[in-house]
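First the structure, in the form of structure tokens, and then the observations on it.
Computed from the coordinates by the stated procedures, all read-outs in this text should not be read as laboratory data. Note that the structure is predicted; figures quoted are calculated from it, not measured. Here Cβ is always computed from backbone atoms with ideal geometry, including for glycine, and neighbour counts include all displayed protein chains.
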Amino acid sequence: MNTESTQQTEVGCPPGQLMFKRKWTDTLRVTFRAVIKVKGGLWGGIFISIMLICAIGAQWIAPSDPNAQDIMSRFAAPSRDHFFGTDYLGRDIFSRIVYGCRIAVLVAFGTVTFSSVIGVFLGVVSGYNEGKKLDYFIIWLFDIIRSFPQIILALGIVAVLGPSLFNVVIALAFTAFPFYGRIARAQTLSVKQADYVKAAEAMGLKPFQIIMRHITPNIMAPVIVCLGMDMATMIVWESGLSFLGLGVRPPEASWGIMLRNGYKYMQTSPWMLLWPALAISLAMIAFSLFSEGLRVALDPKERER
């Protein structure tokens with residue numbers, strides 16, 4: 001009796017709600033297995049895991065203080081004492097690369113979290129109220145923000161607010177949320193015609209309950225894939241802002257600041273430019289590969305191949 005009622009309940013559930021009825025560990029396990037089946041997703045996940053480990057345990061992994069200066073050892077070449085050499089102030093480059101993972105991870109995850117939450121919510125509300133004044137207003141807001149080049153708008157916001165890690169996250173999130181809003185709106189326009197949404201409306205559920213319980217869980221797959229791709233972009237843009245002096249303030253160990261310093265001494269000490277550029281490049285590739293793995297994992301047709 002209990003088995004039959006459970007089966008009937010599951011049959012009546014929309015896919016998103018049924019997914020959340022399962023244990024979250026089971027969902028993560030299935031997704032993880034699907035991701036690692038893709039070679040790119042596996043290697044991307046490995047590098048992202050290394051970045052997270054460095055960000056969390058930088059004080060134990062880094063051999064020295066990233067801001068400790070040793071003028072007598074400046075411009076030292078890579079050696080046993082300094083794996084990646086030292087910069088123009090004698091600071092250990094390897095330690096600064098490790099601590100730079102913190103900035104990269106905070107910017108990547110912080111920016112996409114803020115932008116996706118705001119964008120998805122506004123996009124779902126807009127799609128659910130298709131053709132109404134609220135829909136037109138949200139689309140108008142998206143179009144106004146997207147009409148500016150994203151990096152130029154971020155530069156202007158940071159220039160007004162001042163250079164800091166928090167302001168960089170706010171600026172990048174503000175310029176990115178219309179992108180997620182557009183995706184969420186397009187998905188909502190198709191999902192809101194589903195039978196389970198019509199049934200929820202017939203039962204008298206409020207629009208907010210329908211949006212949160214029935215629509216949002218079922219449109220997140222393409223959004224999650226875009227999150228991984230956008231993280232790589234945010235790391236590059238944070239590095240660009242820091243390179244221009246509008247990102248993280250020195251002496252914080254940011255890959256963008258290290259690039260700017262390395263550019264000045266490119267002929268004297270090329271490893272000052274090499275290692276941060278390599279770290280940014282690998283981070284971009286890793287997030288791109290991992291997002292491709294997520295795309296395959298969240299697409300049933302691709303997963304079966």
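Things worth noting here:
- With a Förster radius of 25 Å applied to the C-beta separation of Ile152 and Lys198, the computed FRET efficiency comes to 0.05.
- Relative exposure of Ile257, Ile152, Ile93, judged by other C-beta atoms within 10 Å (fewest first): Ile152, Ile257, Ile93
- All C-alpha pair distances within the stretch 159-251, sorted into 5 Å bins from zero, spread as 2, 12, 18, 15, 12, 10, 9, 8, 6, 4, 2, 0 percent across the bins.
- Count, lysine Cα pairs under 28 Å in the chain, 8 or more residues apart or across chains: 23
- Which label in (1) 14.3; (2) 17.1; (3) 19.6 gives the computed mean projected area of the Cα convex hull in nm²: (3)
- Against the chain, whose longest principal axis is taken from its Cα atoms, helix 150-161 shows a tilt of about 70°.
- Helix axis angle, 255-264 relative to the chain longest principal axis, alpha carbon, degrees: 30 degrees
- Axis angle, to the nearest 10 degrees, between helix 24-37 and the longest C-alpha principal axis of the chain: 60 degrees.
- Note on Glu130 and Met266: with the Förster distance fixed at 41 Å, the Cβ-Cβ geometry gives a FRET efficiency of about 0.15.
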